[in-house]
1. Compute the separation of the alpha-carbon centres of the range 53-112 and the range 216-251 and state it in Å as a whole number.
2. Let's see if you can work this out: charge +1 on each Lys and Arg Cβ, -1 on each Asp and Glu Cβ, no other charges. What is the dipole magnitude of the range 138-281 about its Cα centre, in debye to the nearest 20?
3. How large is the Kirkwood hydrodynamic radius of the range 92-192, counting all unique pairs of alpha carbons, in Å?
4. Once every DSSP H run of n ≥ 4 in the chain is given -39500 (n - 2.57) and the sum is divided by its residues, what mean residue ellipticity at 222 nm do you get, rounded to the nearest 500 deg cm²/dmol?
5. Is the range 228-276 best put as rounded, prolate or oblate by its Cα gyration tensor, with a ≥ b ≥ c the root eigenvalues, rounded for a/c under 1.5, and otherwise prolate when a/b is larger than b/c, oblate when not?
6. Quick one: net charge of Asp143's neighbours, Cβ under 12 Å, K/R +1, D/E -1?
7. Which net charge results when you count Lys and Arg as +1 and Asp and Glu as -1 among the other residues whose beta-carbon is under 12 Å from that of Val106?
8. Rounded, prolate or oblate, given the Cα gyration tensor of the range 151-241, with a/c below 1.5 counting as rounded?
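The values are calculated or read from the model by the stated rules, or taken from the named source; none is laboratory data. Small disclaimer: the values here were computed from a predicted structure and weren't measured. Neighbour counts run over all protein chains shown; Cβ positions are idealised from the backbone, glycine included. Each accessible area value is taken on the protein alone, full model and side chains, heavy atoms only, with ligands, DNA and RNA left out. Shrake-Rupley method; radii C 1.70, N 1.55, O 1.52, S 1.80 Å.
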Amino acid sequence: MIGTEPSRTAMMAAAARAAHLLIDSEPYLFRDTMASALLGPHAEELIGYHLHHSDHPLLAAVRAQATVRSHWVEQRLAESAAAQYVVLGAGLDSFGYRDVAEGIRVFEVDHPGTQRWKREILAISDIQPVGEVIFVPVDFERDNLPRQLADAGFDRDRPALVGWLGVSMYLTAEAIGTTLAALSGLAPGSELVMEYMLDPALRDGNGHAYAESVQPVTSAQGEPWLSTFTPETLDDLLRRYGFATVEHIGHRAAVPADWWQRADALQPVDLCRLAHARLGG
């Protein structure tokens with residue numbers, strides 16, 4: 001491969017979305033029909049973990065987390081009037097390659113090396129975007145996000161929806177603030193859906209069990225958890241950069257209640273939540 005491979009966590013999330021359709025029962029929490037192809041040579045190995053240990057509580061929790069958050073942000077995008085969707089830390093996100101993307105300009109923001117890897121996988125698998133997918137290579141330690149978006153053709157005068165999933169827990173408070181400051185320059189009415197990790201005191205039993213199992217592994221892989229929030233502390237931070245919080249959504253509330261009446265191992269995990277905020281109130 002030419003580029004740097006996506007993070008291990010990004011690949012595990014894609015594997016979980018792919019495995020959900022192979023292992024779990026209906027109703028499906030999310031239908032990601034492209035995730036397997038985007039894993040390229042890692043598909044068999046990573047999806048295989050789920051196939052061979054489908055009822056393992058940890059793997060079931062990974063599938064629940066990866067599918068529920070994607071379901072909710074894409075549902076919000078469908079309900080909004082936004083014609084621009086910014087995917088921060090896009091990794092192996094597949095939105096732009098499924099029919100739901102029709103009529104929406106998708107800006108995939110990620111590290112240049114990761115994007116080179118993904119684009120080669122897309123070319124090898126002959127995966128074409130639905131509508132317009134624009135890659136925005138950003139090294140967050142060096143590059144200016146608003147300038148990079150503008151150079152890629154992003155219209156700063158039109159509201160956008162920004163999806164920021166599976167990223168903030170791996171960033172320092174300073175890095176999160178820098179990103180929010182960059183997003184504060186978007187058009188009024190723009191929306192942000194940011195996944196964040198709860199402070200330990202707010203996690204439920206499933207959340208604690210997940211953290212005890214996963215945190216040492218991600219740290220050993222060079223991706224330690226660095227930031228956690230309460231809803232109140234995140235509200236304060238968002239307000240500092242011009243965002244008014246609309247709601248905080250946990251797993252249980254992110255999908256219809258009867259979807260949790262399941263015959264498989266999936267159940268809600270209160271470890272992370274989604275903050276839905278609007279720029280300019």
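1. First find each Cα centre; the distance between them is then 18 Å.
2. Details: 11 positive and 20 negative charges, 50 e Å.
Here the range 138-281 has a charge dipole of around 240 debye.
3. Values: mean 1/r = 0.0682 Å⁻¹.
Hydrodynamic radius (Kirkwood, Cα pairs) of the range 92-192 is 14.7 Å.
4. On the way: 10 runs with 114 residues, N = 281.
That calculation yields -12500 deg cm²/dmol at 222 nm.
5. Numbers: a/c = 5.19, a/b = 2.57, b/c = 2.02.
Prolate shape, in that a/c is at least 1.5 and a/b is the bigger ratio.
6. On the way: positive: Arg142, Arg147; negative: Asp110, Asp139, Glu141, Asp151.
Spelling it out: positives minus negatives among the neighbours equals -2.
7. Taking every other residue near Val106 into account, the sum is -3.
8. Details: a/c = 2.53, a/b = 1.90, b/c = 1.33.
Verdict is prolate for the range 151-241.
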